[in-house]
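Here's the structure we're looking at; comments come further down.
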Amino acid sequence: MTTAITSYDPAVDAPEHHHPVYDYDSGPPVDRGKFAIWVFLGTEIMFFTGLIGTYIVLRAGSPEWPNPAHRLAVGITAFNTFVLICSSATVVAGLFAVQKDDMAGLRKWWGLSILLGAGFVGIQVYEYVHLIQHNMTPNQDLFWSTFYLMTGLHGLHVIVGVIWLAVVYVKALRGGFSSKNWVGLELAGLYWHFVDLVWVLLFTLIYLM
Amino acid sequence: MSEHPPQFSVKKLWILLLVLTAAEVGYGEIGNRHFYDQKLLLWGGLLTFAYFKGYYIFQYFMHMKYEGAIVKGNVWFTVPLVVYLMIMIWPDTASNDKLNYEIAHQLDPMTGEIATIIEGSRNLVNEEFRYLYDDYAVTHPGAEIHGEGGH
């Protein structure tokens, strides 16, 4: 519907219809949700860049830095990385399923993603408990304080991601998505992949380097 | 949203990421045991693995490869910010001699002297603080703190 500004008629348009309607969209030619999530992810990139930058300064400024292989269980965390990568793959599989109107596939893959995400958190909690029981606490030295800061904040992001995936999953169970309407799934998936991407970097920096 | 983005093989990408992760962990294990002091080789290799894993997640799982200029521009604006941040912190990371503060040392609150002496680290601190190590050597003749250390 097109209404030119010059055709504004107070008798017709005011007061209920006093906003002219244009035949174009003043926003960017991209889904608003996707635009918003990418702006948000841009801020998250800067957030983790600040953390990693601080870690680099502290590490480079320390006369000694322990070999992480001597302090951390790399094997179990490598398995956890495996779990997180699998969860990213299942999220994509779920998204591809809904695009083909395969709702059973969506439920299967999305449910598996939630389980894998929760499994990642569980393994990280197990690691924390094990470390704290052996007196490896954040106040011991810079290695442990930076370790807990970065992995802890990432863990919080994972918890938020699992909750987000679960909320979307409930909506999917209620028939809230179809091959014509799946942007809600995509937004949750983008956040989840970002969390996965950050972990790839943190795992390399903290556990292997 | 109703348009279908280009689809790729999730299975192939999944396997590729797992292979890269396994290779990275293996490289890290070997490197930490056999060439831990060759940082360029060890860290360069590990970061290369991390880069490719991140690249595939970003380009395919987050399907940035298929996005238009607006979404791409939304993300790439962070690149100059990241570069700016790195430039700002570079003076502190490029050389320990240029550090404004000795981050890892515990200073005695009463004397301001270094309370914790780490063996072999004398040459890693600012020159103006090195006399503290020398003083420590006089008062603790048995301690070996004059090692050259090394970056």
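On the stretch given as segment A:94-104, residues that are open to solvent by less than 10 Å² (accessible area, probe 1.4 Å) and within 19 Å of the chain's Cα centre (by Cα) total 1.
Yes/no per residue for (1) free of Cβ contacts under 8 Å to residues at least 24 places away in the same chain; (2) assigned to a helix (DSSP H, G or I):
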{"residue": "A:ALA93", "(1), (2)": "yes, yes"}
{"residue": "A:TRP109", "(1), (2)": "yes, yes"}
{"residue": "A:THR137", "(1), (2)": "yes, no"}
{"residue": "A:GLY161", "(1), (2)": "no, yes"}
{"residue": "A:ALA166", "(1), (2)": "no, yes"}
{"residue": "A:ALA172", "(1), (2)": "no, yes"}
{"residue": "A:GLU186", "(1), (2)": "no, yes"}
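Quick check: anything in segment A:105-120 out of contact with any Gly (no Cβ under 9 Å at 6 or more places or on another chain), more than 20 Å from A:TRP144 (Cα to Cα), surrounded by 15 or more Cβ atoms within 10 Å (Cβ to Cβ) and β-branched (Val, Ile, Thr)? Yes, some residue in segment A:105-120 is out of contact with any Gly (no Cβ under 9 Å at 6 or more places or on another chain), more than 20 Å from A:TRP144 (Cα to Cα), surrounded by 15 or more Cβ atoms within 10 Å (Cβ to Cβ) and β-branched (Val, Ile, Thr). Mind listing whichever residues of segment A:166-186 are open to solvent by 30 Å² or more (accessible area, probe 1.4 Å) and either of a type in the set (Val, Ile, Thr) or within 11 Å of another protein chain (Cβ to nearest Cβ) (or both)? Selection gives A:VAL167, A:VAL170, A:SER178, A:LYS180, A:ASN181. Look at (1) open to solvent by 30 Å² or more (accessible area, probe 1.4 Å); (2) without any contact (Cβ under 8 Å) to a residue 60 or more places away in the chain and you find that A:PRO66 fails only one, number (2).
Using the structure shown, decide if A:ILE85 is buried (at least 19 other Cβ atoms within 10 Å of the Cβ) and either of a type in the set (Asp, Glu) or more than 7 Å from chain B (Cβ to nearest Cβ) (or both). Considered against the rule, which asks whether it is buried (at least 19 other Cβ atoms within 10 Å of the Cβ) and either of a type in the set (Asp, Glu) or more than 7 Å from chain B (Cβ to nearest Cβ) (or both), A:ILE85 comes out as no. Whether any residue in segment A:145-155 is more than 8 Å from chain B (Cβ to nearest Cβ), closer than 29 Å to B:ALA50 by Cα and open to solvent by 60 Å² or more (accessible area, probe 1.4 Å) is what I want to check. Yes, segment A:145-155 contains a residue that is more than 8 Å from chain B (Cβ to nearest Cβ), closer than 29 Å to B:ALA50 by Cα and open to solvent by 60 Å² or more (accessible area, probe 1.4 Å). Could we say that A:GLN124 is assigned to a loop (DSSP other than H, G, I, E, B), open to solvent by 10 Å² or more (accessible area, probe 1.4 Å) and of a type outside the set (Ser, Thr, Tyr) here? Answer is no for this residue. Considering segment A:51-71 alone, what residues qualify as being among the aliphatic types (A, V, I, L, M) and more than 25 Å from the chain's Cα centre (by Cα)? If the condition is that a residue be among the aliphatic types (A, V, I, L, M) and more than 25 Å from the chain's Cα centre (by Cα), then A:VAL57, A:LEU58, A:ALA60, A:ALA69 are the ones that fit.
Of the residues A:VAL57, A:VAL12, A:VAL39, A:VAL30, which is open to solvent by 20 Å² or more (accessible area, probe 1.4 Å), modelled with pLDDT under 90, β-branched (Val, Ile, Thr) and within 30 Å of B:ILE89 (Cβ to Cβ)? Spell out how you get there, then give the answer.
On the way: A:VAL12 fails: within 30 Å of B:ILE89 (Cβ to Cβ); A:VAL39 fails: modelled with pLDDT under 90; A:VAL30 fails: within 30 Å of B:ILE89 (Cβ to Cβ).
Step by step, each of A:VAL57, A:VAL12, A:VAL39, A:VAL30 is checked, and only A:VAL57 is open to solvent by 20 Å² or more (accessible area, probe 1.4 Å), modelled with pLDDT under 90, β-branched (Val, Ile, Thr) and within 30 Å of B:ILE89 (Cβ to Cβ).
The values are calculated or read from the model by the stated rules, or taken from the named source; none is laboratory data. Computed from a prediction, not measured in an experiment: that's the story for all the values here. Glycine gets a Cβ as well: all are built from the backbone with ideal geometry, and neighbour counts include every protein chain shown. Protein only, heavy atoms only, side chains kept; ligands, DNA and RNA dropped before computing areas. Shrake-Rupley method; radii C 1.70, N 1.55, O 1.52, S 1.80 Å.
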